[in-house]
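Participant: This is the structure I want to talk about, given as structure tokens.
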Amino acid sequence: MFRGRFDHIIDEKGRISLPVKFREILRKYDDSLIITTFDECLYVYPQEEWLKVEEEIYNQPTGKREVRNFQRLIISYATECTTDKQGRILIPPSLRIHAHLEKDVVIAGRIKHFEIWNKERFDQTINQAQNQEPSEDIGEILNRLRL
């Protein structure tokens with residue numbers, strides 16, 4: 001589904017033009033999106049995929065404060081939006097501030113959703129990931145994938 005990295009610019013009104021490949025995928029979902037935040041970036045889901053995630057979030061045991069805070073963060077920032085005729089989405093100010101989106105941004109595919117990052121933060125995150133040894137969890141995933 002959503003694959004690749006695309007460098008874009010967020011305009012002064014908070015609009016970002018989505019990659020053509022992503023727009024084609026979103027047409028299958030009636031261009032209806034949910035944007036939320038996590039990991040210092042924005043997570044953008046087609047609404048159909050978001051409903052599955054939201055159900056999983058809701059079903060988590062809430063006995064631990066950490067889980068409740070995670071639910072609060074993800075759900076309270078969740079915002080519905082649609083693409084306009086030019087294939088742009090409008091990022092609400094609270095989400096732009098939280099993700100430090102000012103001008104240069106990266107749109108990165110994550111299979112069933114995509115992320116929108118401040119370009120500098122994305123590049124730092126990728127550089128760190130490339131320069132560190134895989135954890136035991138990542139090693140197990142790589143083995144299962146035969147990579």
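Read the figures in this text as sums done on the coordinates, not as results from a lab. Worth saying up front: this structure is predicted, and the values here are computed from it rather than measured. No Cβ is skipped: glycine too gets one built from the backbone with ideal geometry, and neighbour counts run over all protein chains shown.
Participant: What do you get for GluC sites (Glu not before Pro) in the range 51-119 restricted to DSSP loop and a cutoff of at most 14 other Cβ within 10 Å of the site's Cβ?
Facilitator: Passing both the DSSP loop test and the Cβ count: E102.
Participant: Further question on the same structure: Taking square-rooted eigenvalues a ≥ b ≥ c of the alpha carbon gyration tensor, is the range 68-113 rounded, prolate or oblate, where a/c under 1.5 means rounded and, failing that, a/b exceeding b/c means prolate?
Facilitator: Because a/c hits 1.5 or more and a/b exceeds b/c, the range 68-113 counts as prolate.
Participant: Let me ask something else about it. Under a GNM of the chain (C-alpha, springs under 10 Å), which listed residue has the highest mean-square fluctuation: L26, L42, L51?
Facilitator: Ranking L26, L42, L51 by mean-square fluctuation puts L51 first.
Participant: Scan around R110 for amide H atoms under 5 Å from its own, H built in the peptide plane at 1.01 Å from N, and keep only partners 5 or more places away or cross-chain.
Facilitator: F2, E115
Participant: Sticking with this structure for a sec: When the helices in the chain are scored as -39500 (n - 2.57) per DSSP H run of 4 or longer and the sum is shared across all residues, what 222 nm value do you end up with, to the nearest 500 deg cm²/dmol?
Facilitator: Rounded to the nearest 500, the figure is -12500 deg cm²/dmol.
Participant: Next up: Under the classification rounded if a/c is under 1.5, otherwise prolate if a/b is larger than b/c and oblate if not, where does the range 38-119 fall, given a ≥ b ≥ c as square roots of the Cα gyration tensor eigenvalues? Working shown, then result.
Facilitator: Values: a/c = 2.14, a/b = 1.55, b/c = 1.38.
Prolate, since a/c reaches 1.5 and a/b exceeds b/c.
Participant: Take every Cα-Cα distance within the range 1-139, group them into 5 Å bins from 0 onward, and report for each bin the whole-number percent of pairs it holds.
Facilitator: Final binned percentages: 2, 9, 19, 21, 20, 15, 9, 4, 1, 0.
Participant: I would also like to ask the following. Scan the range 1-42 for chymotrypsin sites (Phe, Trp or Tyr not before Pro) in coil per DSSP, keeping those whose Cβ has at most 16 other Cβ atoms within 10 Å, and list them by number. Write down the numbers at each step before the final one.
Facilitator: On the way: sites: F2, F6, F22, Y29, F38; in loops: Y29.
Counting only loop positions with at most 16 other Cβ atoms within 10 Å, the chymotrypsin sites (Phe, Trp or Tyr not before Pro) in the range 1-42 are Y29.
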